[in-house]
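Everything on this sheet refers to the single structure shown next.
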Amino acid sequence: MRRPLAALAAAAALVLATLAAPPEAVSAEKATPQAAAGALLPRESAEAAAFRGGLVYANYCVTCHGMNADGNGRAARLYTPRPANLRGSDKNDAYVSLIIRKGGAALGRSEFMPTWEAELTEEQVRDLVAYLRSINVNKPR
């Protein structure tokens, strides 16, 4: 019983010592703007938002709207009306954001489109809208 506790205490001490390292010990290269500029996708770019939105879509939307966002997800056949084809949507970003947050019934659309307001952050909703805009064939909006 004492050996696992001793090992756990040693590991905790090592983690605390690492976290307590002075800022000078951190590589200066990581803190420079040049290093941040070398990022694959700068955080505030439209491409980064669309990428993050794709992750949100894969986690929350794909079951009904499908991998291609065409309304043919695995659960689509269970609903009448069927989920929207998001690739050919003519709705503007404000409307798309509103229906994501408030759900279909609040906007006179399908009652089966759930409200995601309590589940998704504002950033996730913005990113999801950016992703949907990036895959929409009816550009620009």
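Using a probe radius of 1.4 Å on heavy atoms only, what accessible surface per residue do you get for region 46-99? Whole Å² is fine.
59 Å²
In whole Hz, what ³J(HN,Hα) sequence does region 77-94 give by Karplus (6.51, -1.76, 1.60; θ = phi - 60°), x for Gly and Pro?
Per-residue couplings from phi come out as 5, 7, 10, 10, x, 5, x, 5, 7, 7, 6, x, 5, 9, 7, 7, 4, 5 Hz.
If you stretched the chain out fully between ASP70 and ASP90, how much longer would it get, using 0.36 nm times the residue separation minus the C-alpha to C-alpha distance?
Details: separation 20, 0.36 × 20 = 7.20 nm, distance 1.34 nm.
My answer for the length gained is 5.9 nm.
Each residue of region 123-138 in order: what ³J(HN,Hα) in whole Hz does its phi give by Karplus 6.51 cos²θ - 1.76 cosθ + 1.60, θ = phi - 60°, with x for Gly and Pro?
Each residue's phi maps through the Karplus curve to give 4, 5, 5, 4, 5, 5, 4, 4, 5, 4, 5, 5, 9, 6, 7, 9 Hz.
Which net charge results when you count Lys and Arg as +1 and Asp and Glu as -1 among the other residues whose beta-carbon is under 13 Å from that of ALA49?
Numbers: positive: ARG43, ARG52, ARG126, ARG133; negative: GLU44, GLU47, ASP93, GLU122, GLU123, ASP127.
Counting the neighbours of ALA49, the net charge comes to -2.
The values are calculated or read from the model by the stated rules, or taken from the named source; none is laboratory data. Please read all numbers here as calculations on a predicted model, not as lab measurements. All Cβ positions, glycine included, derive from the backbone under ideal geometry; neighbour counts span all protein chains shown. Ligands, DNA and RNA are excluded from the accessible area calculation, which covers all protein heavy atoms including side chains. Shrake-Rupley method; radii C 1.70, N 1.55, O 1.52, S 1.80 Å.
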